[in-house]
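One structure is given below, encoded as structure tokens.
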Amino acid sequence: MIDKIKEHIAEVEQFTADSPEAVEAFRVKYLSKKGLMGKFASELRNVPNEQKREFGQTVNKLKTVATEKVAALKASLENASEEKGIYDDLTRPGEPIELGARHPISIVKNQITEIFSRIGFNVSEGPEIEDDWHNFTALNLPEYHPARDMQDTFFIQTNPDILLRTHTSSVQVRYMENNKPPIRTISPGRVYRNEAISARSHCFFHQVEGLYIDKNVSFADLKQTLQFFTTELFGKSKIRLRPSYFPFTEPSAEVDVYWGLETETDYRMTKGTGWLEIMGCGMVDPNVLTNCGIDPEAYSGFAFGMGIDRIALLLHQISDIRLLSENDVRFLEQFRSAL
């Protein structure tokens, strides 16, 4: 009898089932009131006394093995049922994965950076909280200079020498202080001015400014660089430079690109002239070079600066600059770019 029970133990250990019905039939066979466990238990009184101990231990082992087998099979079938509920038909097409979108400011900034990197410009960055020297004084704008009124500034109330930078020219000053010519760098970043917020202006916006310092740099080098840039970014090769004034460059100019008058939008954007102002530029003032530790007798250079936000509005035909900072997903998801 003991050997027969051991055969059942081996049979239980090897048993498998692929349905709840098979598991239930197995349970009934061994563990129900009329199952084999009940029959083996009733045989205990017929077993010789010297075998009762071994017989009882073997019966208990069969009960334990059968109980554990039933529990394991039920758990396995439940897990399989859950997996089927999750994945269902594995031959079905998968759910589409939503791709993210870059911000239009990032798209345009990356485009500008890529264009200038092709002609040897690296990227330099600096702090947005700046001091008076790097933001104004070193750029030929000493205290009480009337040209400071051109830039309405956010000063830190507890320390009037600390401010939110009004342009990324401050990055160029720091770069010149820490690097020797030849210098060829662009400085993209966010800047702040105390201006009224409207569809065309904001109290913070983004700029990218460029600087080239070397021996025998001329205004012709500046114009050729800007000609290359406008052709690559806008696909417009016709530009003009109008005389202007900036405290840190002399001579200075505003750069216009010929946008054309092919559509009603072109007329509105260019006010019927076909020309569109995109940036300011000029030859670096010798005083700026001196302030930054560069000998103006040995070196010369040019600088330029443009608003990334304004160019983004032009390239993507965006009517309101405030859309760039409102984080409206419906607006942002329209932009796709590999850059």
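Observations on the structure shown:
- Residue satisfying all of: in segment 135-190; out of contact with any strand residue (DSSP E or B) (no Cβ under 8 Å at 6 or more places or on another chain) and of a type in the set (Phe, Trp, Tyr); modelled with the highest pLDDT among these: 136
- Test for residue 222: is it among the aliphatic types (A, V, I, L, M) and either within 20 Å of residue 274 (Cβ to Cβ) or modelled with pLDDT under 95 (or both): no
- Listed by position, the helices (runs of 4 or more DSSP H) inside segment 183-293 whose residues that are touching a residue at least 60 places away in the same chain (Cβ under 8 Å) and not polar (S, T, N, Q) number at least 1 are 219-234, 286-291.
- Selection status of residue 89, more than 28 Å from residue 226 (Cβ to Cβ) and at pLDDT 90 or above: no
- All positions within segment 191-212 that are among the aliphatic types (A, V, I, L, M), at pLDDT below 95 and closer than 30 Å to residue 119 by Cα: 191
- No other residue among 323, 339 is under 31 Å from the mean Cα position of the chain (by Cα), surrounded by 14 or more Cβ atoms within 10 Å (Cβ to Cβ) and at pLDDT below 90 apart from 323.
- Restricting 28, 59 to residues that are out of contact with any Pro (no Cβ under 8 Å at 6 or more places or on another chain), more than 29 Å from residue 79 (Cβ to Cβ), of a type outside the set (Ser, Thr, Tyr) and part of a helix (DSSP H, G or I) narrows the list to 59.
- All positions within segment 31-56 that are assigned to a helix (DSSP H, G or I) and either of a type in the set (A, V, I, L, M, F, W, C) or within 14 Å of residue 4 (Cβ to Cβ) (or both): 31, 36, 37, 39, 40, 41, 43, 44, 46, 51, 54, 55
The values are calculated or read from the model by the stated rules, or taken from the named source; none is laboratory data. This one's a predicted model, so the numbers in the text were calculated from it and none came from an experiment. No Cβ is skipped: glycine too gets one built from the backbone with ideal geometry, and neighbour counts run over all protein chains shown.
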